[in-house]
Structure formats: structure tokens, C-alpha cells
Amino acid sequence: MATNPLQHLMPSCNGAKAAAAGAVLGRPAADDPRAGTLRLNEIFHSIQGESTWAGEPCTFVRLTGCPLRCTYCDTEYAFREGATATVGDILDRVAAIGCPLVELTGGEPLAQRRAFDLVRLLCDAGNTVLIETSGAVDIAPCDPRSIRILDLKAPGSGECDRNLWSNLADLRARDEVKFVVTDRADYDWARAQIAAHGLDRRVREGALRAILVGAAWEQPRGTEVAGTPGLSPRELAAWILADRLPVRMQVQMHKVIWDPRTRGV
Ligand code: SF4
């Protein structure tokens, strides 16, 4: 497990390399954070499909690059595709959409240093800001007004050793923890982590908003992603019910509404 994940992980993707270069060559964020640049994949308006915010209209900002390669990843196109945009450009495009629930996603959005400026300025503008993060990057620098949806990668993801466990100590009352389950072994692992880290107790005490558990969707092998046959949500539901597991099961709503391969939804 990396103790300094930004330095350790960033060299493995183009967006992260750009961010690393920016850390050396770019102006200090204090000069003008709107002028800082990010590698942007897409901005779109859709229905929030996961988390306790599922079902709400939401503006999505998808940043380019991710240091992980989860077997079930459905956004392989976000690993490298994108264009440079200033933080100011992104703020203006988000404002033009006029939907103040904003989710920063990827890829791994926090792999780019300027993402933390973007989060702060989105909060300053009065948005409710969700951050969908892999769990492999330090979330502590996120603006305290933001809401982190933190993945814990189970063994079936192929990226279990990338979990940055120190993130759990930084979780706040409005944050959520998410498990994507590919099989029974992943489910047992998730159940063990919930118990070991007292996540259910933290939800009961109001120190954490929710524990989300979802079945991995079938994902064909890609160029860089191994793929997975997926797991039946019905099977997962039966396990949760049998164990009386105190979690919130979820189905990716956008994949039910639209074709699962559709981009920009
Ligand atoms: S699913 Fe895994 S590989 Fe895909 S963007 Fe998220 S963290 Fe990266």
C-alpha cells in the first residue's frame, strides 16, 4: 500500500503526468486558481445514478486519467481521452448548465492536483459537490464542504492493494463508502471490512452517511481493462438479506435508464 499515493500513482496515466508537470511548472494555486489547468474528459447533465443522491439531476465533470485498472471499469475512455481546460472554463460551463448538484468523477478525479481548487471554487459558487473517488488517493485535501463517495476496492477489482486505508480516518458525516462486488468472495471481503472498520457503527452514530453495496455490471474486456462477467443483483440482495447486513444496496440507475454503453449519461 502506498503511503504517499499521489506521488506513487500519478506517473501511470497521462492526466496524472500533466498534473505532475503542473506541480513543477504551473503557477502556485494561490495566484489565480481559475487559471490552473486540468485534463478534462467531458461535462454533461444527467441523473445521478449511484449513492444516496441517486435519482437527482446532476452536472457531471469527468476528469481524464486514473492510476487504477479495475476489472469492471466502464470508463476506459477516460483514462487518456480529453483536452486541457482551465478551472475557470469548467466553472463557467457548470454554471451555464444551471444544475447545482455537481459530481466530480473520472477516471480518478483527485489524481490531478488542480481538482482540489476546482472543488473549492465549485463549493464557493454554491454548488453541492460530490466527489466519486477510487479510494487510492488521499482525500484529506478536499474542501470540507464537499461530499466524498469513497470506493473500497474488493479483490475482484484487481486493485485491492491500492486501497489507502488512512482515508477512512478522514471520512465525515456526509461522506459515503462504496463497495462494488463481483462475486461471493468480494461480498465476504466487504462484510469483513465493514466490521473491522466499524463502518456500520459510524453510520448509526451519524459519523458517516451510508455504506453502499452494488453488484458489478458485466464488463467486456477492453484495451486496458480485464473485464468481468458481473454479478446478479438478485444474488447480492439475497446475501445481504440473509446476513441482515446494515448497508444500502444500489443499482447503477443510469445503466437501467440508458444503454449501459452510452457515454455522457
Ligand atoms: S473503476 Fe477503477 S479503473 Fe475505472 S475509473 Fe474507477 S478507479 Fe479508475
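Every number in this text was worked out from the coordinates using simple rules, so none of it is lab data. What you are looking at is a predicted structure, and each value in this text was computed from that prediction instead of being measured. We place every Cβ from the backbone using ideal geometry, glycine too, and count neighbours over all the protein chains shown.
Pairwise alpha-carbon distances in the range 105-147 exceed 13 Å for 46% of all pairs. Among Phe79, Phe179, the order by Cβ neighbours within 10 angstrom, fewest to most, reads Phe179, Phe79. For Ala96 and Asp170, a Förster radius of 22 Å and the Cβ-Cβ distance give a FRET efficiency of 0.10, rounded to the nearest 0.05.
Panel order for Arg39, Arg80, by other beta carbons found within 10 Å of each beta carbon, from fewest to most: Arg80, Arg39.
For the pair Ala196 and Thr262, the difference between a 0.36 nm per residue extended length and the Cα-Cα distance amounts to 20.0 nm. Contact order for the range 5-257, expressed relative to its length and based on alpha carbon pairs under 8 Å spaced 6+ residues apart, stands at 18 percent. Between the range 193-252 and the range 125-141, the C-alpha centres lie 20 angstrom from each other. Extension gain for Asp188 to Ser232 (0.36 nm times residue separation, less C-alpha to C-alpha distance): 14.3 nm. Hydrodynamic radius of the range 43-107 by the Kirkwood approach over all distinct alpha-carbon pairs: 12.8 Å.
Each of the peptides 155-168, 185-198 was scored by the mean count of other Cβ atoms within 10 Å over its residues; in descending order, highest first, they stand as 155-168, 185-198. So if the hydrodynamic radius of the range 52-207 is defined as the Kirkwood radius over C-alpha pairs, what does Stokes-Einstein give as its diffusion coefficient at 20 °C and 1.002 mPa s, in µm² per second? Reported coefficient: 131 µm²/s.
When each of the peptides 135-142, 241-248 is scored by how many other beta carbons lie within 10 Å of its residues on average, the order from highest to lowest is 135-142, 241-248. Summarising the strand pairing of the chain, around 35 percent of its internal DSSP beta bridges are antiparallel. The value for the range 167-265 of Rg(Cα) / (2.2 N^0.38 Å) is 1.18. Counted over the range 169-259, the DSSP beta bridges are approximately 10% antiparallel. Each listed q (0.07, 0.14, 0.15 Å⁻¹) maps to a log10 I(q)/I(0) for the chain from the Debye sum over equal C-alpha point scatterers, namely -0.22, -0.96, -1.11. Counting Lys and Arg as +1 and Asp and Glu as -1 over every other residue whose Cβ lies under 15 Å from the Cβ of Val180, the net charge comes to -4.
With helices as the sole contributors, the chain gives -8000 deg cm²/dmol at 222 nm; each DSSP H run of n ≥ 4 counts as -39500 (n - 2.57), and the sum is divided by every residue.
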